[in-house]
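The values are calculated or read from the model by the stated rules, or taken from the named source; none is laboratory data. The structure displayed is predicted, hence computed values, not measured ones. Every residue, glycine among them, receives a Cβ derived from its backbone with ideal geometry; neighbour counts consider all protein chains shown.
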Amino acid sequence: MITQILNIWKSFQKHNVKYITIGGFAVNIYGYNRNTGDLDILIEDSIENRKNLRKAFVDIGIGDFESIETMQFIPGWTDFTLDFGLRLDVMTSVKGLEDKSFDSLLSDATILMIGDTPVNFIDYKNLIIAKKSTNRLKDQLDIEELGKLNDNIDS
């Protein structure tokens, strides 16, 4: 499963997909390790970026979907099933961050090198804002545990 996720990030890099990893994988990089069944990705909502996403999907074997270029991505509903039951959830907006442009979120992103691949993760402050706005039990737990581990990070 980890190899497939890394291949997704590599393909996004190769095809110049503008994206930010959010959700459970972002929670993990800030120190709270919890299992997640999906890779949540926020993308820049532009025609060029959607075309690049389509190329990346072909590259990683998800398929060639022309509809990627025009469809509405709905968080939690627009996902693509990968191997091992993992889902790739693609979205163009995040609850709680509607007032922020994709470019500002990307400029604030935490970039980690995983192998030789730079991977964009939502920054801690915006992750917490997004988690607070959903008010789901698992997000409340994430906030509590992340707070214990990252009390020195400005949130």
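Laid out as a table, the results:
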quantity	calculated
Counted residues, the stretch 86-125 - those being more than 19 Å from residue 36 (Cβ to Cβ) and either in contact with a His (Cβ under 9 Å, 6 or more places away or on another chain) or of a type in the set (Asp, Glu) (or both)	5
Leading residue by the ranking (surrounded by the most Cβ atoms within 10 Å (Cβ to Cβ)) among those in the stretch 7-54 that are modelled with pLDDT of 95 or more and part of a loop (DSSP other than H, G, I, E, B)	17
For residue 71: the one exception among (1) part of a loop (DSSP other than H, G, I, E, B); (2) within 19 Å of residue 32 (Cβ to Cβ); (3) without any contact (Cβ under 8 Å) to a residue 24 or more places away in the chain	(2)
Every residue from the stretch 35-57 that is aliphatic (A, V, I, L, M) and either out of contact with any helix residue (DSSP H, G or I) (no Cβ under 9 Å at 6 or more places or on another chain) or in contact (Cβ under 8 Å) with a residue 60 or more places away in the chain (or both)	42
Filter result (more than 14 Å from residue 112 (Cα to Cα) and hydrophobic (A, V, I, L, M, F, W, C)) within the stretch 6-59	8, 12, 17, 39, 41, 42, 43, 47, 53, 56, 57, 58
Unique residue being among the polar types (S, T, N, Q), part of a helix (DSSP H, G or I), over 24 Å from residue 8 (Cα atoms) and within 17 Å of the chain's Cα centre (by Cα) when the list is 133, 107	133
